[in-house]
Amino acid sequence: MQRAIQRHRDVYQDYSRELRRTKSNVQHALDQANLLSGVRNDIDAYKSSAADSLLAERGHIDNSHQMTDDMLAQAYETRAEFGRQRSTISGINARMQGVMSSIPGINSLVGMIKSRRRRDSIILGVIIGLCTILLLTYIF
């Protein structure tokens, strides 16, 4: 009976060792599989984030191009508007020249108005100067 018990104990210890070894091998295989799947997930996440960032950068570039196109269109429209204004003002100037040349008395009238205004300005300046000089002499 002692032999049977000893034999069963040895078998039990062998099975226990084998069970621990099998458990450690299974745990090691599970850890390795988890590690590899984690690395694969990280690689996939990196690839998708890199692709997403490239797509986002492409969107930013497209928006920048759109804004540049809008600004250029606005500049061309402003240039065209200046051209229209220039032609309108030249037409008005030509009409004024035509009116001035058709009525010769207007030129002389405008010249007389300018000379009278200049004369009045000179007279007013002289009077202000004389008053200032008289005031200064009176004070001192």
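The values are calculated or read from the model by the stated rules, or taken from the named source; none is laboratory data. Predicted, not measured: the structure shown is a model, and the values here were computed from it. Neighbour counts are summed over all protein chains in view; Cβ atoms, including those assigned to glycine, are modelled from backbone coordinates with ideal geometry. Ligands, DNA and RNA are excluded from the accessible area calculation, which covers all protein heavy atoms including side chains. Shrake-Rupley method; radii C 1.70, N 1.55, O 1.52, S 1.80 Å.
Under the simplified labelling scheme, the Arg116-Gln2 pair shows an inter-label distance of 15.4 nm, with each label point 7 Å from Cα along Cα→Cβ. Within segment 25-45, find all residues whose amide N lies under 12 Å from a label point positioned 7 Å from the Cα of Asp52 along Cα-to-beta-carbon. Inside the label zone: 45. Here the chain exposes an accessible surface that is 63 percent carbon and sulfur, computed with a 1.4 Å probe and the other protein chains kept in place. The overall shape of segment 72-137 is oblate: from the C-alpha gyration tensor, with semi-axes ordered a ≥ b ≥ c, the ratio a/c is 1.5 or greater and a/b is no larger than b/c.
Under the shape rule built on the C-alpha gyration tensor, where the axes satisfy a ≥ b ≥ c, the chain is oblate, since a/c reaches at least 1.5 while a/b does not exceed b/c.
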